[in-house]
Amino acid sequence: FSALVVVFLMAAYLPKSADFSINTDSTEKEAVIMQTIIGGLNQLHYDPKDINDDFSSKAFDLYLDRIDSRRQWLTTQDIAKLKQYELKIDDEIKASTYEMFDLSLKILDERRANAVKYYKEILADPFDFTVDEKYELDGEKKAFAADKAVLKENWRKAMKYEVLSKVVEKMEEQEEKGEEGEKQSLEDLEKEARETVLENYDKWYGRIAKLKRSDRLSTYLNVITS
């Protein structure tokens, strides 16, 4: 229900071609969207929630999880900057303002730009698979990185895991082909795996770079309606 409400209103008020960072009229449209969503939920929802500090705190936690569920971008320092709004989202909803959302976009853009540098630098050199290391895959079990250094180290382990997974896949393919197939050395398999992971991440971040403000605002509004 919440997703349908947001999609409908976004389509009605936020044309894909709009530049919301400089168009003041877009600010008015976003205010109208917020007012319309809250008004609609209060009228149509069977059990509308009170928009208060408790609501704000829950929305804040859910939003952080939605924008960085894998704990790969934000640091605890970033969370501290955003936390000033933890109990103010309800006030922003009532005033139809987006200060917390705007700040989150600024921080995310900076961290994602750093992430591109991280994975490109990390994937430029071979990995040493003789070193025994552990990496938590479940975002729900991971904490936000304490600082940029820890974040970069997390990226190194993540890339190492993905490359190793690709290497294992290629080795299994070679075994299935048996003597008929061409045998590649571990070094060659590792190099090919790094190239594949690099290509995949370049494509992924290319798609992220194309996201418009309206696309990202939809995530925030869906958090509120959820």
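Dipole check for segment 31-75: with +1 at the C-beta of Lys and Arg, -1 at the C-beta of Asp and Glu, and the Cα centre as origin, the magnitude is about 240 Debye. Of the residues VAL116, GLN35, LEU211, the one whose Cα sits farthest towards the positive end of the charge dipole of the chain is GLN35 (charges of +1 on Lys and Arg Cβ, -1 on Asp and Glu Cβ, taken about the Cα centre).
Placing +1 on each Lys and Arg Cβ and -1 on each Asp and Glu Cβ, with no other charges, gives segment 114-174 a dipole about its Cα centre of roughly 320 debye.
Over all Cα atoms in segment 72-226, the spread is summed up by Rg and Dmax: 20.0, 70 Å. If the elastic network links every pair of Cα atoms under 10 Å, which of GLU86, GLU110, GLU176 fluctuates the most in the Gaussian network model of the chain? Residue with maximal mean-square fluctuation among GLU86, GLU110, GLU176: GLU176. Think of each Lys and Arg Cβ as +1 and each Asp and Glu Cβ as -1; about the Cα centre, that makes the dipole of the chain roughly 820 debye. Relative to the current alpha-carbon distance between GLU199 and ASP125, full extension at 0.36 nm per residue lengthens the span by 25.1 nm. Given a 1.4 Å probe and the protein chains as shown, LYS212 ends up with an accessible area of around 80 Å². Each label was represented as a point 7 Å from its Cα along the Cα-to-Cβ direction; for GLU140 and ALA209 these points are 3.4 nm apart. Each peptide in 87-93, 146-152, 128-134 gets a packing score, the mean of other Cβ atoms within 10 Å over its residues, and the list from highest to lowest is 87-93, 146-152, 128-134. Taking springs between alpha-carbon atoms closer than 10 angstrom, which of LYS157, LYS141, LYS177 fluctuates most in the Gaussian network model of the chain? The residue that fluctuates most here is LYS177.
Where does the chain land at 222 nm, in deg cm²/dmol rounded to the nearest 500, when only DSSP H runs of n ≥ 4 count, each adding -39500 (n - 2.57), divided by all residues?
When only DSSP H runs of four or more count, the value is -22500 deg cm²/dmol.
To the nearest ten degrees, helix 24-44 and the longest principal axis of the Cα atoms of the chain are 80 degrees apart.
Taking Cα atoms of segment 84-135, Rg/Rh with Kirkwood Rh, to two decimals?
1.32
Report the paramagnetic label zone for VAL116: residues of segment 173-213 whose backbone N is under 13 Å from a point 7 Å from Cα along the Cα-to-Cβ axis. Residues 201-211 qualify, since their backbone N sits under 13 Å from the label point.
The values are calculated or read from the model by the stated rules, or taken from the named source; none is laboratory data. Values in this document were obtained by computation on a predicted structure and should not be read as measured data. Neighbour counts run over all protein chains shown; Cβ positions are idealised from the backbone, glycine included. Surface areas here come from the heavy atoms of the whole protein model, side chains and all, with no ligands, DNA or RNA. Shrake-Rupley method; radii C 1.70, N 1.55, O 1.52, S 1.80 Å.
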